[in-house]
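Q: Got a structure here, written out as structure tokens. Questions coming.
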Amino acid sequence: MDRDLWRQWQELASLWAPATPDSQARFGGDGALGLGSFKDAAERFTTAARSFLDGAADASAPAAGEAARAFSEFLREQFADYRLPWSSGIGAGSSNSAPPPSMGDSPAFGATREHQQRWQRMTEASRRIDAAQRRLQRLWSDALREAAAAFAARLAPPHPSGVSAEALRKLYDAWIDCAEEAYARVAHGDAFCNALAEYVNASSQWRRELQAGIEHLAKLLDLPTRSEINTLTQRLKSVEQLLRAAQNKRKPRVAAASRTRPARRKAKQ
Amino acid sequence: MTEASFYAALAAASDGVAGCSQKDAVWESGKLRLYRYRPIARPTGGVPLLIVYALVNRPYMLDLQEDRSLIRGLLAQGVDVYLIDWGYPDGADRLTTLADYIDDYLAGCVNQILKARRLSALNLLGVCQGGVLSLCFAALHPQRVRNLITMVTPVDFHTPTDLLSKWVSKIDIAAWVNNGNVSGDALNQLFLSLMPFRLTQQKYMHLLAGSPDRAQIENFMRVEQWIFDSPDQAGAAFREFVTWFYQENRLVQNCVAIGGRKIDLRALRLPMLNLIGTRDHLVPPNASLALQRLVGSADYTALEFDLGHIGMYISARAQREVPAAIANWLAPR
């Protein structure tokens, strides 16, 4: 493998690392946010690509095929934990929090009946969120597996020697193409659409029940609630509409002018 | 460029100010601002053009920087350009409906321009979702619109390649909105999820692997700023838009009503120009091309560009072709 090529890629990878404490703060130098988080990914890609290209260039056809398969599997694993909306909260449900303790299907009764029922509904919503997330992750994994297989097929037969930096970049782009194509097939499918809808709908229910609980506490403390503010907003909007309607009745219609060409005298604005 | 200077350039560009052309606020209503751009070329003397941008992103994408500005391109053609900035809705705007946006805000802007310029009609350019709003406005007030231009505007929301439409088809939108606003961040996540590998990985890799200079970094960061500068959506309008258009495809079904008044696209007889990006992943070309069979205009022109959704605003090809196409189409009308 051309040393210059790997030096270029190592330099590229090093660019993804924060340079100074200040830039670490700006770009999330802890690796969780910003460009800093790409450093490891770039380095891992570089290492894996080198292994593949070395294997593909020097080995027999079966070994080259195995190198391609290993490289594809590596890429698949790299994206397995990728955070998409269903793992970062498109709705209000928190995927990372443990579901509330199950209250079973036992009938709610007594002075706290309403609260018991609300908790039961939240528990059920949380269970639905969890199930939908698992379905989505499984579909994501299916897409990655399909992408890896397509990528491996595209890589075989062994890549010719004399690899350039541009070829390495094309390798990366080819992986992205395979991944997007596989993902698109999955994302357009009914299974994915149903799971995504279930995730959003369950998250909406979870949030609604949580809001109801918080509003109950707010009332106990005589704090304003969102429902009250919504009511006031609605009243204000109604008054505004009445006012606007009254104003419009008084105004002469703008369309009184019949010309569609600009006036000779320039308007102030 | 060294590592340190690369980060310094990124840091400097991240504080950049979007928008390059000079403009004046000529009217406001609530959070809305109506701007008029100052001319940079000899005016053609034609009817002013009001640009109606989408609610889901900020309109400065149309005037990002001097060499990437649809607005600047139009100004250079001598077009008199107005732009609506919808602002950032907050909790107090949660009950704002599509009727409010179309019949109060948009109508207010049109009235203001017509009154100030002593005209009876102007030209409308609706961009993306703003194109849908413009179509509705033109159908409600045909006497106030002289020519209508739609750009990357969805009309048929149920085309086979429309992934967003498929995703939202079974979502309970009323429950999702729940009388509140919809987070712009959540919508951004959704948009990124349409092509997650390209939009969250590859573009950053290309930036770094391309050994960008300072100007390229600044260009990249301006777009980056725009992409993630996503206003929350007024809940009621969002619920109506997704339910009526994405889920029920009402424009095609010819059953949209705004403020109790029916929107009949077949009654639209005014000259229409439809601009389409053939590689648009957000608004598939067929979603826009459907407009021709739905409207009653005998003067309908569709222009297709080999560009994606964002490329229609900022690509070099768009700068060369789109403003000129608009100006040339408007000139005899």
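The values are calculated or read from the model by the stated rules, or taken from the named source; none is laboratory data. These numbers come from a predicted model, not from an experiment. Don't worry about glycine lacking a Cβ; one is built from the backbone with ideal geometry, like all the others, and counts go over all protein chains shown. Note: areas computed on protein heavy atoms with side chains; ligands, DNA, RNA excluded. Shrake-Rupley method; radii C 1.70, N 1.55, O 1.52, S 1.80 Å.
Q: Residues with amide H under 5 Å of B:Gly259's amide H, sequence separation 5 or more or different chain, H placed in the peptide plane at 1.01 Å from N; which?
A: B:Ala99
Q: Give, rounded to the nearest 20 debye, the magnitude of the charge dipole that chain B has about its Cα centre when Lys and Arg contribute +1 at Cβ and Asp and Glu contribute -1 at Cβ.
A: Dipole size: approximately 1020 debye.
Q: Cross-link candidates for B:Lys115: which aspartates and glutamates have Cα within less than 15 Å, leaving aside residues fewer than 8 places away along the same chain?
A: B:Glu28
Q: I would also like to ask the following. Mind listing the long-range amide H neighbours of B:Thr301? Cut-off is under 5 Å, sequence gap 5 or more, other chains count too, H placed in the peptide plane at 1.01 Å from N.
A: Hits under the 5 Å cutoff: B:Met272, B:Leu273, B:Asn274.
Q: Give me the residues in the stretch A:168-185 whose solvent-accessible area, probe 1.4 Å, is reduced by at least 40 Å² once all protein chains are included instead of the chain isolated.
A: A:Arg169, A:Tyr172, A:Ile176, A:Glu180, A:Tyr183
Q: Only helical DSSP H runs with n ≥ 4 go in: add -39500 (n - 2.57) per run for chain B, normalise by residue count and round the 222 nm mean residue ellipticity to 500 deg cm²/dmol.
A: Computed ellipticity for chain B at 222 nm equals -10000 deg cm²/dmol.
Q: Still on this structure: Under 12 Å from the Cβ of B:Tyr82, count the other residues' Cβ atoms, weight Lys and Arg +1, Asp and Glu -1, and hand me the total.
A: Numbers: positive: B:Lys23, B:Arg33, B:Arg36, B:Arg38, B:Arg117; negative: B:Asp24, B:Asp80, B:Asp85.
Surrounding charge for B:Tyr82 is +2.
Q: Buried by at least 20 Å² relative to the chain on its own: which residues of the stretch B:1-44 qualify, computing accessible area with a 1.4 Å probe on protein heavy atoms?
A: B:Glu3, B:Phe6, B:Tyr7, B:Leu10, B:Ala11, B:Val26, B:Arg36
Q: Ok, one more. In debye, nearest 20: dipole of the stretch B:189-236 around its Cα centre with unit charges on the Cβ of K, R (+) and D, E (-)? Could the numbers behind the result be given before it?
A: On the way: 4 positive and 5 negative charges, 37 e Å.
It works out to roughly 180 debye.
Q: Same structure, new question: In whole Å, how far is the Cα centre of the stretch A:110-143 from that of the stretch B:200-236?
A: Between the Cα centres of the stretch A:110-143 and the stretch B:200-236 lies a distance of 35 Å.
Q: Follow-up question, since we're still on this one. With a 1.4 Å probe, how much accessible area is buried between chains B and A, both sides summed, in Å² to the nearest hundred?
A: Buried surface at the B/A interface: approximately 6000 Å².
Q: Tell me which of B:Gln247, B:Val223, B:Leu270 sits at the most positive position along the dipole axis of the stretch B:218-290, charges placed on C-beta atoms (Lys, Arg +1; Asp, Glu -1).
A: Ranked along the dipole, the leading option is B:Leu270.
Q: A further question on this structure: For the stretch A:236-243, just list the computed ³J(HN,Hα) in residue order, Karplus coefficients 6.51, -1.76 and 1.60, θ = phi - 60°, integers in Hz, with x standing in for Gly and Pro.
A: 4, 4, 5, 5, 4, 5, 4, 4
Q: For the stretch B:80-118 and the stretch A:195-222, write down the distance between their C-alpha centroids in whole Å.
A: Here the two parts' Cα centres lie 33 Å apart.
Q: Okay, moving on. How large is the dipole of the stretch B:264-333 about the Cα centre if only Lys and Arg carry +1 and Asp and Glu carry -1, each at its Cβ, rounded to the nearest 20 debye?
A: 100 debye
Q: Follow-up. Could you pull the Rg and Dmax for chain B, using just the Cα atoms, both in Å?
A: According to the Cα coordinates of chain B, Rg and Dmax are 19.4, 61 Å.
Q: Can I ask one more? Return the subset of A:Lys237/B:Lys262; B:Lys23/B:Lys203; A:Lys170/B:Lys166; B:Lys31/B:Lys170 for which the Cα-Cα distance in this structure is over 25 Å, preserving the input order.
A: Numbers: A:Lys237/B:Lys262 23 Å; B:Lys23/B:Lys203 32 Å; A:Lys170/B:Lys166 32 Å; B:Lys31/B:Lys170 33 Å.
Among A:Lys237/B:Lys262; B:Lys23/B:Lys203; A:Lys170/B:Lys166; B:Lys31/B:Lys170, the Cα-Cα distance tops 25 Å for B:Lys23/B:Lys203; A:Lys170/B:Lys166; B:Lys31/B:Lys170.
Q: Something else about it: For B:Leu273, what is the net charge nearby, where nearby means another residue's Cβ is under 15 Å from its Cβ and Lys, Arg count +1, Asp, Glu -1?
A: Working: positive: B:Arg146, B:Arg269, B:Arg333; negative: B:Asp299, B:Glu304, B:Glu321.
Taking every Cβ under 15 Å from that of B:Leu273, the sum is 0.
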